[in-house]
Amino acid sequence: MSVDAFREQVAVLTGMLQGRALDDSLQSWLNTHHGVASDTYQGLEQSCRQGVAEGWLCAREAGGIRYGRVFKPTEDLHGFSVDVVDMDNVEGPHHAHPDGEIDLVMPLQGPALFDNHPAGWVVYEPGSAHRPTVSNGRALVLYLLPGGSIEFSR
C-alpha cells in the first residue's frame, strides 16, 4: 500500500460523503453500507495497519497518542482532511468540530471502544466537541474533517 493508493481509496469514500449532512442518519448509513463486514471497512483497516507498520501513518507522538495528518483537504478528497491516530487506553485533547467529524474506529487489541463506540463509524455533528477516548484496548481511528476544521481547547 502506497500513500497514493491510500489517497485513492479514501477519495472513493469521500466522494460518497460529499454534500451529505454530518448527523445520526449519516452514521447509520455508513455503518449499514460500509460497516465492519464491508469491503470498505476491511480495505481501510488493512491500509491503516500497513501504513502504521511502514511508518507513514501515525509518525508523530504526544501524550501517549501516535498521530498524523495524512492529507490536507483538497478537491480530489472532496474537501476532507484525513488524519489517523493510534490510541491505547488513553484520553486525547479536548477539541471542537466546527464543521463536524467522521471517524472510523478500528480496534487493534481487545474490544477497544472509541468514545464508547465499538468498531465502525461515528459521526459528530457540526459544532460538537469531545475529549476523544479509547478504552478497553488499543484502536486506530481515521478522522475525516470537512475543510480540515478542528479547534483544540486551551
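Values quoted throughout were computed directly from the atomic coordinates according to the rules given, and no laboratory measurement underlies them. Just so we're clear, the structure is a prediction, and the values are computed from it rather than from any experiment. Positions of Cβ are backbone-derived with ideal geometry, glycine not excepted, and every protein chain shown enters the neighbour counts.
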Check: Per-residue HN-Hα couplings for region 80-89, Karplus 6.51 cos²θ - 1.76 cosθ + 1.60 at θ = phi - 60°, whole Hz, x for Gly and Pro?
Finding: 9, 8, 10, 10, 9, 10, 10, 10, 10, 6
Checklist line | Packing-based exposure ordering (other Cβ within 10 Å, fewest first) of Ser25, Ser81 | finding: Ser25, Ser81
Note to self: Using a 10 Å cut-off around each Cβ, can you sort His97, His33, His78 from fewest to most neighbouring Cβ atoms?
What the structure shows: His33, His78, His97
Margin query: Under 5 Å between amide hydrogens, which residues at least 5 positions from Val90 or on another chain qualify, with H placed 1.01 Å from N in the peptide plane?
Written below: Val134
Check: Over region 3-152, what is the relative contact order in whole percent, taking alpha-carbon pairs under 8 Å and six or more residues apart?
Finding: 25 percent
Next item on the list: Go through [x] 99; [y] 196; [z] 124 and flag the label whose value is the computed volume of the Cα convex hull per residue in Å³ for this structure.
Entry: [x]
Note to self: Taking the number of other C-beta atoms within 10 Å as the exposure measure, put Glu151, Glu45, Glu91 in order starting with the fewest.
What the structure shows: Glu151, Glu91, Glu45
Next item on the list: Please list the non-local residues whose amide H lies under 5 Å from the amide H of Val70, H modeled 1.01 Å from N, same-chain partners needing a gap of 5 or more.
Entry: Val82, Asp83, Val84
Note to self: Amide H of Asp99 versus every other amide H placed in the peptide plane: which residues, excluding those fewer than 5 positions away on the same chain, fall under 5 Å?
What the structure shows: Gly127
Notebook entry, point to check: Calculated from DSSP H runs of 4 or more alone, at -39500 (n - 2.57) each and per residue, what is the 222 nm mean residue ellipticity of the chain, nearest 500?
Noted result: -8500 deg cm²/dmol
Notebook entry, point to check: How high is the FRET efficiency between Asp4 and Ser153 when r is their beta carbon distance and R₀ equals 41 Å, given to the nearest 0.05?
Noted result: 0.75
Checklist line | Hz values of 3J(HN,Hα) by residue in region 7-20 - Karplus curve (6.51, -1.76, 1.60), Gly and Pro given as x | finding: 4, 5, 4, 5, 4, 4, 5, 5, x, 6, 8, 3, x, 7
Next item on the list: Using θ = phi - 60° and the Karplus relation 6.51 cos²θ - 1.76 cosθ + 1.60, list the HN-Hα couplings for region 45-56 in order, rounded to whole Hz, with x at every Gly or Pro.
Entry: 4, 4, 5, 5, 4, 5, x, 5, 4, 7, x, 9
